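Scroll down for the structure; my scribbles are underneath it.
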Amino acid sequence: MPRTWGWARVPCNRLCNNEGTSFQALLDAARRQQTEHYLRESDRQMSQMAALLGYVELSSFSRAFSRWFGCSPRQWLSAQGPTPRRWRMRGRG
């Protein structure tokens with residue numbers, strides 16, 4: 001993503017290190033925040049959310065989701081009660 005913004009990787013990492021963080025930590029926090037927004041405000045499927053957040057594989061997004069929320073996307077959806085059509089994961093009903 002730094003290249004998308006026209007930044008070179010080394011200066012970006014150096015800047016993050018000077019601030020006591022890493023680019024990966026900032027990216028992870030932004031992805032979690034955007035996931036929370038999508039869950040509250042959008043009608044996107046999990047696979048669409050994963051792609052928009054830069055995950056090539058749904059399984060990578062699922063692992064990050066579990067790390068952030070303490071459960072899998074499927075478990076989170078089950079805890080929300082009856083699954084609205086918009087929240088269904090790819091491959092489900």
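The values are calculated or read from the model by the stated rules, or taken from the named source; none is laboratory data. All figures in this text were calculated on a predicted structure; none of them were measured in a lab. Positions of Cβ are backbone-derived with ideal geometry, glycine not excepted, and every protein chain shown enters the neighbour counts.
A few remarks follow.
- Residue list for the stretch 11-29, filter: surrounded by 13 or more Cβ atoms within 10 Å (Cβ to Cβ), under 14 Å from TRP68 (Cα atoms) and of a type outside the set (Asp, Glu): LEU26, LEU27
- Among residues of the stretch 41-93 being aliphatic (A, V, I, L, M), closer than 16 Å to ARG31 by Cα and not in a loop (DSSP other than H, G, I, E, B), the one that is modelled with the lowest pLDDT is MET46.
The rows are residues; the columns are (1) under 11 Å from the mean Cα position of the chain (by Cα); (2) of a type in the set (D, E, K, R).
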position: THR21; (1), (2): no, no
position: LEU26; (1), (2): no, no
position: ALA30; (1), (2): yes, no
position: TYR38; (1), (2): yes, no
position: ASP43; (1), (2): no, yes
position: TRP68; (1), (2): yes, no
position: TRP76; (1), (2): no, no
position: GLN80; (1), (2): no, no
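- Screening VAL10 with (1) part of a helix (DSSP H, G or I); (2) at pLDDT 75 or above gives one miss only, at (2).
- Scanning the stretch 46-67 for residues that are free of Cβ contacts under 8 Å to residues at least 40 places away in the same chain and crowded, with 16+ Cβ neighbours inside 10 Å yields MET49, ALA50, LEU53, TYR55, LEU58, PHE61, SER62, ALA64, PHE65.
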